[in-house]
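A short write-up of the structure that comes next.
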Amino acid sequence: QVQFVESGGGLVQPGGSLRLSCAVSGSRIMLYAMAWFRQTPGKQREMVAHIFAGGSTNYADSVKGRFTISRDNAKNAVYLQMNSLKPEYTAVYYCNTVPVKSASWGQGTQVTVSS
């Protein structure tokens, strides 16, 4: 079973930066498209960044120009560089394959953007 362990979240001021990491075990990510998702209380989980196996990327309109997704197939890891953070980006961030493996969601990492 594929497992995801997200890390790198924290409390940051508006305009600050964070780099999230996702360590994957149980399968080689080179086989998959990967994505970062986020969820706030009472809302559905939404995809914010997507990277294909070949390296092409897509972003939600709300984060374009601020977030960069990358992957290191050798380390079996996915990353999310988040710059110019806004309070509305506060959420728990998760990674998963695309399509998602719904039984394999990790604990996520909390990102709080606040002054």
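Some notes on this structure:
- Longest site-free stretch - the chain; sites: trypsin sites (Lys or Arg not before Pro), DSSP loop, at most 14 other Cβ within 10 Å: 76-115
- Surface composition of the chain: carbon and sulfur make up 49 percent of the accessible area, probe 1.4 Å.
- Counting only residues at least eight positions apart within a chain, or on another chain, the lysines with an alpha carbon under 25 Å from that of residue 86 are 43, 64.
- Derived scalar couplings ³J(HN,Hα) [region 85-98; Karplus, 6.51 cos²θ - 1.76 cosθ + 1.60; whole Hz; x for Gly, Pro]: 5, 10, x, 6, 7, 4, 4, 8, 9, 10, 10, 6, 7, 10
- Ligands, DNA and RNA are left out, and with a 1.4 angstrom probe the accessible area of the chain is 52 Å² per residue.
- Spacing of the two label points (7 Å from each Cα toward its C-beta) at residue 84 and residue 52, in nm: 2.6 nm
- Segment residue 68-residue 27, length gained on full extension (0.36 nm per residue, minus Cα span): 12.4 nm
- Normalised by the number of residues in region 1-95, the average gap of Cα pairs under 8 Å and 6 or more apart makes the relative contact order 34 percent.
- Less than 5 angstrom separates the built amide H of residue 108 from those of 6, all sequence-distant by 5 or more or on a different chain.
- Residues whose amide H comes within less than 5 Å of that of residue 84, counting only those at least five positions distant or on another chain, are absent (H built at 1.01 Å from N in the peptide plane).
- Efficiency of FRET between residue 98 and residue 17 - r from beta-carbon atoms, R0 30 angstrom, step 0.05: 0.75
The values are calculated or read from the model by the stated rules, or taken from the named source; none is laboratory data. Not measured: the values here are computed from a predicted model. FYI the Cβ positions are ideal-geometry reconstructions off the backbone, even for glycines, and counts take in every protein chain you see. Each accessible area value is taken on the protein alone, full model and side chains, heavy atoms only, with ligands, DNA and RNA left out. Shrake-Rupley method; radii C 1.70, N 1.55, O 1.52, S 1.80 Å.
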